[in-house]
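The values are calculated or read from the model by the stated rules, or taken from the named source; none is laboratory data. Remember, it's a predicted structure, so these values are computed and weren't measured experimentally. Note: ideal-geometry Cβ built from the backbone for every residue, glycine included; neighbour counts use all protein chains shown.
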Amino acid sequence: METTIKLTPVDIDARKALDFSSGDVVRVWNKIKEADGKTRLQAFEGMVLARKHGTEIGATFTVRKVASGVGVERVFPLFSVTIDKVEIVRRARTRRSKLYYVRDKALRDVRRKLKKDTRVVKKGSTTTVEAAAEEVVEEVTA
């Protein structure tokens, strides 16, 4: 007779079997404790930039999303108790295992659009260069 002792409430085999890599878009459901003692689930959806340390107990993965025009990154421990589930929204095929260049790429795209955008006058109204730059930033982040 074999006795199995479960030390953590996390299904380790299920977490090891998660098959996502850098470039994939995932939705991580995180448990958050409210002030009144209740717990709720909050989703964090974004692109996986990196997976580190394989499937060992200290494994982590980094997820990046753009919220209100600002890039937000979170590092999640793979075997964390606070993670309820990880959903794979979209798969991607990348040629690198760490996609840290995406951080700079977004800034380069905004700067490139600002350089190309030389309009200062719109039909019927005049706008400033700053207003035109804000419109370009909104187009890029949308």
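Somewhere in the stretch 61-74, is a residue modelled with pLDDT of 90 or more, under 29 Å from ASP104 (Cα atoms), surrounded by 10 or more Cβ atoms within 10 Å (Cβ to Cβ) and in contact with a Pro (Cβ under 9 Å, 6 or more places away or on another chain)?
yes
Do we find that GLU34 is more than 17 Å from TYR100 (Cα to Cα), in contact with a strand residue (DSSP E or B) (Cβ under 9 Å, 6 or more places away or on another chain) and not basic (Lys, Arg) in this structure?
Judged against the criteria, GLU34 is a match.
Tally the residues that are outside any strand (DSSP E or B) and either without any contact (Cβ under 8 Å) to a residue 60 or more places away in the chain or under 20 Å from ARG91 (Cβ atoms) (or both), restricting the search to the stretch 8-59.
Total meeting the criteria: 25.
Residues being surrounded by fewer than 16 Cβ atoms within 10 Å (Cβ to Cβ), out of contact with any Phe, Trp or Tyr (no Cβ under 8 Å at 6 or more places or on another chain) and at negative phi: count how many of those fall in the stretch 43-57.
Of the residues in the stretch 43-57, 3 are surrounded by fewer than 16 Cβ atoms within 10 Å (Cβ to Cβ), out of contact with any Phe, Trp or Tyr (no Cβ under 8 Å at 6 or more places or on another chain) and at negative phi.
Looking at (1) over 27 Å from ASP104 (Cβ atoms); (2) modelled with pLDDT of 90 or more, which is the one condition that is false for HIS53?
Going through the list (1) over 27 Å from ASP104 (Cβ atoms); (2) modelled with pLDDT of 90 or more, HIS53 breaks only (1).
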